[in-house]
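A short worksheet on the structure shown next.
Every number in this text was worked out from the coordinates using simple rules, so none of it is lab data. Bear in mind that the values here come from a model prediction, so they are computed numbers and not experimental data. Glycine also receives a Cβ, built like all others from the backbone with ideal geometry; neighbour counts cover every protein chain displayed.
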Amino acid sequence: MGSTGHYIGSDWSWNGNTREYLDKQINGVYNGISWEVLHSETKGSVYYAAVKRTNLGSGDSYVFAMVQPYKFYGKGWNRELIVKDQDESMGPYACEASAKLLNLLSPTDSEYANRWREDCRKNIEKRKESKAKSEKLEVGDVIVFEAPISFSHYGEYDTFKVVETGRRKRFRAMVNDVPTFMCRLRRDTFQSGTYIIEKGN
């Protein structure tokens, strides 16, 4: 990906917190322009930030979103953080920003930015609906995903039976109604997948 590299290993300002480190890369005053991160978050190796840009001469300001996918390479003192520098007006693919962040942004005429904000809002509603459905799961219910879920040591499965509920739900992967291994399904599996729930007896 097109990117700007940041070497982390010897940079003690990083302190192991990627979000705070990237905040510091943005905050500051450059050529009469003030840049201030009002809110930031990291989700799925993507850094999202609501950034206030202020012209110190005129006092004019507006708030826009930075959307920066990142990756780590190497280990220890040689570890390198590669960040793709982009904002919402560039039509980023990642659109998982929170409502808190979106509500801080200034109105914009950018078609790409408005489309990105709309996609983020749609994903927020999708997460809410998925959470509501998953909270209604009961022991004995069977979940059938439209697309199989891949497990590194077990292969792919699309059917799971609820065996335990509560804060951490547990499932049995099923093959032709025969239970196999026990597992947990991540929240984002429900949020990103399409599935039906067959209520248990």
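Overview of results
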quantity: Within a Gaussian network of the chain (alpha carbon springs, distance under 10 Å), most fluctuating of Arg170, Arg19, Arg115; calculated: Arg170
quantity: Size of electric dipole in the stretch 13-59: Cβ of Lys, Arg +1 and of Asp, Glu -1, about Cα centre, debye, nearest 20; calculated: 80
quantity: Violating pairs (Cα-Cα greater than 32 angstrom) within the set Lys71/Lys128; Lys24/Lys75; Lys122/Lys161; Lys71/Lys136; Lys100/Lys199; Lys24/Lys169; calculated: Lys71/Lys136; Lys100/Lys199; Lys24/Lys169
quantity: Aspartates and glutamates with Cα under 14 Å of Lys52, excluding same-chain neighbours fewer than 8 positions away; calculated: Asp23, Glu36, Asp60, Asp87, Glu88
quantity: Unit charges on C-beta of K, R, D, E only; dipole of the stretch 136-198, Debye; calculated: 440
quantity: Given charges at beta-carbon only (K, R positive; D, E negative), |dipole| of the stretch 4-133 in Debye; calculated: 620
quantity: Convex hull volume of the chain per residue (C-alpha atoms, cubic angstrom); calculated: 158
quantity: Chymotrypsin sites (Phe, Trp or Tyr not before Pro), loop per DSSP, at most 13 other Cβ atoms within 10 Å - longest free stretch of the chain; calculated: 13-92
quantity: Top of Ala65, Ala50, Ala173 by mean-square fluctuation, Gaussian network on the chain, Cα under 10 Å; calculated: Ala173
quantity: Value at 222 nm in deg cm²/dmol, rounded to 500, when DSSP H runs of n ≥ 4 in the chain each add -39,500 (n - 2.57); calculated: -6500 deg cm²/dmol
quantity: Cubic angstrom per residue, convex hull over Cα atoms of the stretch 123-201; calculated: 91
quantity: Cα-projected label distance for Val144 with Gln191, points at 7 Å along beta-carbon direction, nm; calculated: 2.7
